[in-house]
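Trainee: Encoded as structure tokens, here's the structure I'll be asking about.
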Amino acid sequence: MLQPNPAALDFLLTRRSRPAKTLIAPVPDTDQLRVLLEAAARSPDHGKLEPWRFIVLTGPALRRLAARVPARGAALGIAPDKIAKMHDQLAEAELAVAVIAAPVASDKIPQIEQVLSAGAVCLALLNAALAAGWGANWLSGWASHDRDFVEANLGLGPSEFVAGFIHIGSEASAPPERPRPDLAAITTWVRA
């Protein structure tokens, strides 16, 4: 049996994402962020395919993306309030890491396992940021799912997609605790 790590378990039992709109400067510098990315890259990856990659978006890059949201949203017929929400999510951020799912052709590892690995990377990056003392949140939004938007503005290839934007920064205010799942309602025990 591995050596227990009560501090790590306590962290996982009490972790809480921070709303992206409450994250402000300062944000991790390059060296600090590199450590968080290294932690995230240790996520389960069946077949060692690395079916994901990172795009680090700093404040100026996020504002450039935000500026392109209104026209694209209007072209798609997105409701004005949803356009504004997507715009603000990007424009008001100082740092976000786009975790890009990049499935690899494989006869051994199904694509769904590769996609789940990208999701694991998102959670690992989120938890690494929180464990390092930063506020962090995992978001997406309609623009992250729009093929034309992500190809034109993030340079994604045809088989790639945004698994999530992980916003990281200093916490301006702490959110209240929220209700958690009823473990008994979501757990089935199979004993024989």
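The values are calculated or read from the model by the stated rules, or taken from the named source; none is laboratory data. Predicted model, so just to flag it, every value in this text is computed and none were measured. We place every Cβ from the backbone using ideal geometry, glycine too, and count neighbours over all the protein chains shown.
Trainee: Quick one: in region 93-121, of everything that is surrounded by fewer than 17 Cβ atoms within 10 Å (Cβ to Cβ) and in contact with a helix residue (DSSP H, G or I) (Cβ under 7 Å, 6 or more places away or on another chain), which residue is nearest to L33 (Cα to Cα)?
Mentor: V104
Trainee: For I112, all conditions in the list (1) in contact (Cβ under 8 Å) with a residue 40 or more places away in the chain; (2) outside any loop (DSSP other than H, G, I, E, B) hold save one; what is the number of the exception?
Mentor: It fails just one condition, (1).
Trainee: Still on this structure: Could you grab me the full set of residues in region 105-131 that are small (G, A, S) and within 16 Å of the chain's Cα centre (by Cα)? Step through it out loud before you land on a result.
Mentor: Of all residues in region 105-131, those small (G, A, S) come to 105-106, 117-120, 124, 128-129, 131.
S117, A118, G119, A120, A124, A128, A129, A131, listed by residue number.
Trainee: Tell me which of these A20 doesn't satisfy, since it passes every other one: (1) in contact (Cβ under 8 Å) with a residue 24 or more places away in the chain; (2) loosely packed, with under 15 Cβ neighbours inside 10 Å.
Mentor: (2)
Trainee: Would you check if there is a residue in region 125-134 being outside any helix (DSSP H, G or I), among the small types (G, A, S) and either at pLDDT below 95 or closer than 17 Å to A39 by Cβ (or both)?
Mentor: So the first thing to find is which residues in region 125-134 are outside any helix (DSSP H, G or I), and the list is 132-134.
Next, only the ones that are among the small types (G, A, S) stay: 132-133.
Filter again for either at pLDDT below 95 or closer than 17 Å to A39 by Cβ (or both), leaving 132-133.
Yes, because at least one residue in region 125-134 is outside any helix (DSSP H, G or I), among the small types (G, A, S) and either at pLDDT below 95 or closer than 17 Å to A39 by Cβ (or both).
Trainee: Would you say S117 is of a type in the set (G, A, S) and either without any contact (Cβ under 8 Å) to a residue 60 or more places away in the chain or at positive phi (or both)?
Mentor: Working: of a type in the set (G, A, S): yes; either without any contact (Cβ under 8 Å) to a residue 60 or more places away in the chain or at positive phi (or both): no.
Against the criterion (of a type in the set (G, A, S) and either without any contact (Cβ under 8 Å) to a residue 60 or more places away in the chain or at positive phi (or both)), S117 does not qualify.
Trainee: Can you name the residue in region 64-80 that is of a type in the set (G, A, S) and under 25 Å from E94 (Cβ atoms) and, of all such residues, is surrounded by the most Cβ atoms within 10 Å (Cβ to Cβ)? Explain how you work it out, then say what you get.
Mentor: Of region 64-80, the ones of a type in the set (G, A, S) are 66-67, 71, 73-75, 77, 79.
Imposing the further condition that a residue be under 25 Å from E94 (Cβ atoms) reduces the set to 66-67, 71, 73.
On the way: A66: 18, A67: 12, A71: 10, G73: 22.
By that ranking, first place goes to G73.
Trainee: Which of (1) surrounded by 15 or more Cβ atoms within 10 Å (Cβ to Cβ); (2) within 16 Å of the chain's Cα centre (by Cα) does E38 not meet, given it meets every other one?
Mentor: Every listed condition holds for E38 apart from (1).
Trainee: Between A102, A96, which is in contact with a Phe, Trp or Tyr (Cβ under 8 Å, 6 or more places away or on another chain) and within 21 Å of P158 (Cα to Cα)?
Mentor: Working: A96 fails: within 21 Å of P158 (Cα to Cα).
The unique qualifying residue is A102.
Trainee: Still on this structure: Just to be sure before I move on: is L90 at pLDDT 95 or above, in contact with a strand residue (DSSP E or B) (Cβ under 6 Å, 6 or more places away or on another chain) and within 18 Å of T22 (Cα to Cα) in the structure I sent?
Mentor: Values: at pLDDT 95 or above: yes; in contact with a strand residue (DSSP E or B) (Cβ under 6 Å, 6 or more places away or on another chain): no; within 18 Å of T22 (Cα to Cα): yes.
When the stated conditions are applied, L90 does not pass them.
Trainee: Among residues belonging to region 160-186 that are in a loop (DSSP other than H, G, I, E, B) and surrounded by 10 or more Cβ atoms within 10 Å (Cβ to Cβ), point out the one that is modelled with the highest pLDDT.
Mentor: If we filter region 160-186 for residues that are in a loop (DSSP other than H, G, I, E, B), which is where we start, we get 160, 172-182.
Pick out the ones that are also surrounded by 10 or more Cβ atoms within 10 Å (Cβ to Cβ) and you get 160, 172-175.
On the way: E160: 98, A172: 90, S173: 85, A174: 81, P175: 81.
In this case the residue turns out to be E160.
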